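Peer 1: Encoded as C-alpha cells, here's the structure I'll be asking about.
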Amino acid sequence: MFDFIKIKAWWRDWKMKINTCLLRSSAGSIGKGTLICPPFQSFNIKQMHIGANSRISESCWIQCIDAYAGEKFDPELNIGSNVHIGRFAHIIAGGNMKIGDNVVIAERVYISDNLHGFENIDMSIMKQTLKQPGPVVIEDEVWIGNGVCVLPNVTIGKHSVIGSNAVVTKDIPPYSVAAGVPAKVIKKYDPDTGKWERV
C-alpha cells in the first residue's frame, strides 16, 4: 500500500525546491539549502539576498519597493542564514533592511521600514509618496512572536524576544524580552546572575 503521508511530504518538499529554483533567477541571491514555500508573493526580489539553510513558509509577501507614486527607491533586503519565517509574514523594504542569522519570525508578522504618506488631504493615501523614517535591523538569534508589527527606524538587539502581537516602535536592546503596544522591555538577561530578570 501507498504511504500517503510520505507521498504528501515528498510532494511538498519537491514543490518548495521547484519554487525556490524558479525564484533564484529573479532574486539577488538565495543561499544553499534555503527553501521558499509556495504560494509566495513578491513584485520585486532582485534586491533581496537570503543566506543558507533558511526557510520561508507558505503565503508570505516579501518585497523590495523600487518605485512608488512616481518616486524611485534603491532598496536592499538582507536575510541571514538559518532564518525561519512563518506563514503569512509581510516584509517590505524601501531602504536597507537587515535580518540576521538564526532569527525566528512567527506567523502573521509585519516588518516595514516605510510608511504611507497621508498629510495631503486632497490626494488619496495610495497616491502619496512613501516615508522612510529609518532602517530596520533585526540582529542575530532574535525570536519574533505571532502577529508582531515592527515599524521603521528600529533595531532589535541580539537574542531578544518580542512577545506575540507587540508593536515595536523603538529600539530593543540585546538580550531582552519585550511585549505590549507599544513594545516595552519586561525582562533582561543579567550576566552577573546568569538569569533573566524582570525590569
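The values are calculated or read from the model by the stated rules, or taken from the named source; none is laboratory data. Just so you know, these numbers come straight off a predicted model, no measurement behind them. Glycine also receives a Cβ, built like all others from the backbone with ideal geometry; neighbour counts cover every protein chain displayed. Please note that ligands, DNA and RNA were not included when accessible areas were found on the heavy atoms of the full protein model with its side chains. Shrake-Rupley method; radii C 1.70, N 1.55, O 1.52, S 1.80 Å.
Peer 1: Of all residues being open to solvent by less than 40 Å² (accessible area, probe 1.4 Å) and not small (Gly, Ala, Ser) in the range 18-37, which is farthest from Glu58 (Cα to Cα)? Just the residue, please.
Peer 2: Across the range 18-37, the extreme among qualifying residues is Ile30.
Peer 1: Kindly establish whether Pro152 is over 14 Å from Val142 (Cα atoms) and either touching a residue at least 24 places away in the same chain (Cβ under 8 Å) or touching a strand residue (DSSP E or B) at 6+ places or on another chain (Cβ under 8 Å) (or both).
Peer 2: yes
Peer 1: Right, another one. Assess whether Lys158 counts as being within 22 Å of Asn102 (Cα to Cα), basic (Lys, Arg) and either out of contact with any Phe, Trp or Tyr (no Cβ under 9 Å at 6 or more places or on another chain) or open to solvent by 70 Å² or more (accessible area, probe 1.4 Å) (or both).
Peer 2: yes
Peer 1: In the range 55-92, how many residues are of a type in the set (Phe, Trp, Tyr) and in contact with a Leu (Cβ under 9 Å, 6 or more places away or on another chain)?
Peer 2: Number satisfying all stated conditions: 2.
Peer 1: Given the criterion surrounded by fewer than 17 Cβ atoms within 10 Å (Cβ to Cβ) and on the phi < 0 side of the Ramachandran plot, identify the matching residue among Leu115, Leu151, Leu77, Leu130.
Peer 2: Testing whether each residue is surrounded by fewer than 17 Cβ atoms within 10 Å (Cβ to Cβ) and on the phi < 0 side of the Ramachandran plot leaves just Leu115.
Peer 1: Among the residues of the range 98-111, write down those that are surrounded by 22 or more Cβ atoms within 10 Å (Cβ to Cβ), more than 19 Å from Ala52 (Cβ to Cβ) and in contact with a Leu (Cβ under 9 Å, 6 or more places away or on another chain).
Peer 2: Answer for the range 98-111, where residues must be surrounded by 22 or more Cβ atoms within 10 Å (Cβ to Cβ), more than 19 Å from Ala52 (Cβ to Cβ) and in contact with a Leu (Cβ under 9 Å, 6 or more places away or on another chain): just Ile111.
Peer 1: Right, here's the next one. Tally up the residues in the range 29-67 that are of a type in the set (S, T, N, Q), closer than 11 Å to Ile79 by Cβ and touching a strand residue (DSSP E or B) at 6+ places or on another chain (Cβ under 6 Å), please.
Peer 2: Count: 2.
Peer 1: Among the residues of the range 54-73, is any outside any loop (DSSP other than H, G, I, E, B), within 21 Å of Lys158 (Cα to Cα) and charged (D, E, K, R)?
Peer 2: Yes, some residue in the range 54-73 is outside any loop (DSSP other than H, G, I, E, B), within 21 Å of Lys158 (Cα to Cα) and charged (D, E, K, R).
Peer 1: Provide a single number: the residues in the range 28-53 that are polar (S, T, N, Q) and in a strand (DSSP E or B).
Peer 2: So the answer is 2.
Peer 1: Next question, about the same structure. What are the pairs with Cβ atoms under 7 angstrom where one residue, in the range 175-187, is more than 13 Å from Ile156 (Cβ to Cβ) and open to solvent by 70 Å² or more (accessible area, probe 1.4 Å) and the other, located anywhere, is part of a strand (DSSP E or B) and β-branched (Val, Ile, Thr)? Sequence gap at least six, or different chains.
Peer 2: Final answer for the pair search is Val181/Val167.
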